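The values are calculated or read from the model by the stated rules, or taken from the named source; none is laboratory data. Note that this is a predicted model, so its numbers are computed, not measured. So basically every Cβ, Gly included, is an ideal-geometry build from the backbone, and we count neighbours across all protein chains shown. Heads up: the accessible areas ignore ligands, DNA and RNA and are worked out on the full protein's heavy atoms, side chains in. Shrake-Rupley method; radii C 1.70, N 1.55, O 1.52, S 1.80 Å.
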Amino acid sequence: MSVLRIATRNSPLALWQARFVAAAIEQHHPGTACELVPMSTTGDRWLAGRLSSQGGKGLFVKELEAALLEDRADIAVHSLKDVPMELPPGLDLPCFLARHNPADALVGCADLDQLPQGAVVGTASQRRSMLLQSRRPDLDIRLLRGNVNTRLAKLDAGEYAAILLAASGLERLGFAARIGQLLDMDWMIPAPGQGILAIETREQDAAVVALLQPLHDAAAAFAAMAERALSRALGGSCALPLAGYCAQSPAGWQMQAALGLPDGQKVIRAHGECALEADPESLGQQLAQSLRDGGGQAVLDQLAD
């Protein structure tokens, strides 16, 4: 029996995701046993401020990628929205699993409109802050870092009236009952890649890539490539208040995006569509240009100052 080593963060959600992938691999390949290689990343340890102050999204994956490059692991399992737009030389993302619920969830309150004026709402996401404050500018949005369990504990301790989390993480960890409201994705557009698990490998590991093919979902791959192209075209950092979501429609693919200031004072939105057989990266780049042309370039310039 062969052994496949899976690099993963050691947070409860990351471990769930790695075990989910391991079970799927072992189901499709009974002669393969999966072994988790858990590790603490800089992003998990740094809780004092925003990730952008310490280098951004790569803080959640660089230790896992080092394990791949140093042959201490064969694959790494990531939440796609945590993966930087540019991968280290020698690594690739050949496998995207079917997308889980991409929506954002309000926890601690059954309806956003029921929150009183000035209520304290917790999130670490510039995107969520932007879109929430564009709708409810009266709310007091405060930084909330940590894994899902930590954030729920802070809510339960009364530090926040409500918090925003990815629905997929709550559902995967068995906390679906904590969801007060799934926020409408027409205005709370998800983050690029939200709800998609991605598997990273070494580029030259053809046998490992072949092993992963039964897990690969073509629809998730199209959406992932379109959304990452959008983010890449606009700079792709976690400090950027950017939303992007691509989904299949009866006629092909539809994509919506939003870019703005973290305080929600300015939000630029764009929408695009293409045929089923179209190039996903072209769709993402088209949306990025639409955002720029619609006032997003001025937003980018202001954020860069």
Is it the case that the stretch 191-206 has a residue that's farther than 20 Å from V77 by Cβ and either modelled with pLDDT under 95 or open to solvent by less than 40 Å² (accessible area, probe 1.4 Å) (or both)? no
Pairs needed: first member in the stretch 229-240, of a type in the set (S, T, Y); second member anywhere, buried (at least 20 other Cβ atoms within 10 Å of the Cβ); C-beta distance under 7 Å; at least 6 residues apart or different chains. S231/P192; S231/L242; S231/G244
Total residues in the stretch 274-294, condition in contact with a Gly (Cβ under 9 Å, 6 or more places away or on another chain), open to solvent by 80 Å² or more (accessible area, probe 1.4 Å), over 13 Å from R232 (Cα atoms) and assigned to a helix (DSSP H, G or I): 0
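Every residue, every condition in (1) within 17 Å of R99 (Cβ to Cβ); (2) of a type outside the set (V, I, T); (3) more than 16 Å from the chain's Cα centre (by Cα), yes or no:
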{"site": "S231", "(1), (2), (3)": "yes, yes, no"}
{"site": "G236", "(1), (2), (3)": "no, yes, no"}
{"site": "A243", "(1), (2), (3)": "yes, yes, no"}
{"site": "G260", "(1), (2), (3)": "no, yes, yes"}
{"site": "Q265", "(1), (2), (3)": "no, yes, yes"}
{"site": "G272", "(1), (2), (3)": "no, yes, yes"}
{"site": "P280", "(1), (2), (3)": "yes, yes, yes"}
{"site": "D293", "(1), (2), (3)": "no, yes, yes"}
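For the stretch 151-167, enumerate the residues that are part of a helix (DSSP H, G or I) and either at positive phi or small (G, A, S) (or both).
Listed by number, the residues that qualify are A153, A167.
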Considering residues that are in contact with a strand residue (DSSP E or B) (Cβ under 6 Å, 6 or more places away or on another chain) and either crowded, with 19+ Cβ neighbours inside 10 Å or not in a strand (DSSP E or B) (or both), the number found within the stretch 139-150 is 3
